[in-house]
Amino acid sequence: MDEAYPYCWQSNPNISEFMEKEGIDDYGKLQEYYTTRVLAIMKKLNSKYIIWQDPIDDGVEASPDTVVEVWRNFTDVPAVAARGYEMILSSCWYLNYISYGQDWKTYYECDPHSWNGTEEQLELMIGGEACMWHEYVDGTNLLPRLWPRASAVAERLWSAKEVNNTDDAMYRLDEHRCRMLRRGIPAEPILNGFCGDYEEGWEEDTDQCSLSGISLYGNTDINKRRIVIATVLFVYIVQIFM
């Protein structure tokens, strides 16, 4: 349950009658009643469950084995951790919010463990989720809005904390985007949208770049600008995505 609307409950005479019958005197307790009953059903089914952070924010005492999804603000994480719940993070990764340019970098730079907490509390952060709400999304724009931006989230979540350089990740994601295009997935561009070099097995001349890639932007030819990362990094990329 998230974004509960107590004024709606208040307008329903059946709910008011139920609350009086059960001795429930405020809507926070009504929400707790509902949440604890649902979680009890899940336990009976031997199922693991995840709840939105809203009941926790409202003071609901959930079962200690509850996993809480923090979706509102990253700054809410310490308060949830202080109550001992395992967490997954999604507040950084709402892919339905779009902006001009390379917004994937914002997703990539969000580190689920970059908050002040004890070592024990930091271990409560067990993962994350990229979300795509559909108010302005349908079959015409779902896949290009989702990919490869979701790939940036995926790499952030499976990578070590020290792997955080967006300039390095840009080329991995761009090649992966081209791989998705070849498989019929209409993924949006990371750079200029040109995939020829990847399709041709990187056979273009790389004379314009040094091993370190320092002269990356020295060539004005837009096609060659795409293939100037170091050979040693290419081997690393292949190992990651094979």
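The values are calculated or read from the model by the stated rules, or taken from the named source; none is laboratory data. Remember, predicted model here, so these are calculated numbers, not experimental data. All Cβ positions, glycine included, derive from the backbone under ideal geometry; neighbour counts span all protein chains shown. Side chains are part of the model used for accessible areas, which takes the heavy atoms of the whole protein and leaves out ligands, DNA and RNA. Shrake-Rupley method; radii C 1.70, N 1.55, O 1.52, S 1.80 Å.
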For the stretch 26-50, enumerate the residues that are open to solvent by 50 Å² or more (accessible area, probe 1.4 Å) and either of a type in the set (Phe, Trp, Tyr) or in contact with a Pro (Cβ under 8 Å, 6 or more places away or on another chain) (or both). Tyr27, Glu32, Tyr33, Tyr34
Given Arg145, Arg149, Arg183, Arg172, which one is touching an Asp or Glu at 6+ places or on another chain (Cβ under 9 Å) and over 20 Å from Cys92 (Cα atoms)? Arg172
I'm told Gly23 meets every condition in (1) surrounded by 11 or more Cβ atoms within 10 Å (Cβ to Cβ); (2) at positive phi except one. Can you identify the failing condition by its number? (1)
Report yes if some residue within the stretch 57-80 is of a type in the set (A, V, I, L, M, F, W, C) and within 23 Å of Cys178 (Cβ to Cβ); otherwise report no. no
Which pairs have Cβ atoms under 6 Å, sit 6 or more apart or on different chains, and link a residue in the stretch 80-102 that is modelled with pLDDT of 95 or more and surrounded by 17 or more Cβ atoms within 10 Å (Cβ to Cβ) to one that is among the small types (Gly, Ala, Ser) and in a strand (DSSP E or B)? Ile88/Gly127; Ile88/Gly128; Leu89/Gly128
Given the criteria within 27 Å of Gly184 (Cβ to Cβ) and either aromatic (Phe, Trp, Tyr) or touching an Asp or Glu at 6+ places or on another chain (Cβ under 6 Å) (or both), does Trp115 qualify? no
Do the conditions hold for Thr166, that is, is it among the hydroxyl-bearing types (Ser, Thr, Tyr), open to solvent by less than 30 Å² (accessible area, probe 1.4 Å) and over 15 Å from the mean Cα position of the chain (by Cα)? yes
Looking only at the stretch 58-68, decide whether some residue is touching a Ser or Thr at 6+ places or on another chain (Cβ under 6 Å), without any contact (Cβ under 8 Å) to a residue 60 or more places away in the chain and open to solvent by less than 10 Å² (accessible area, probe 1.4 Å). yes
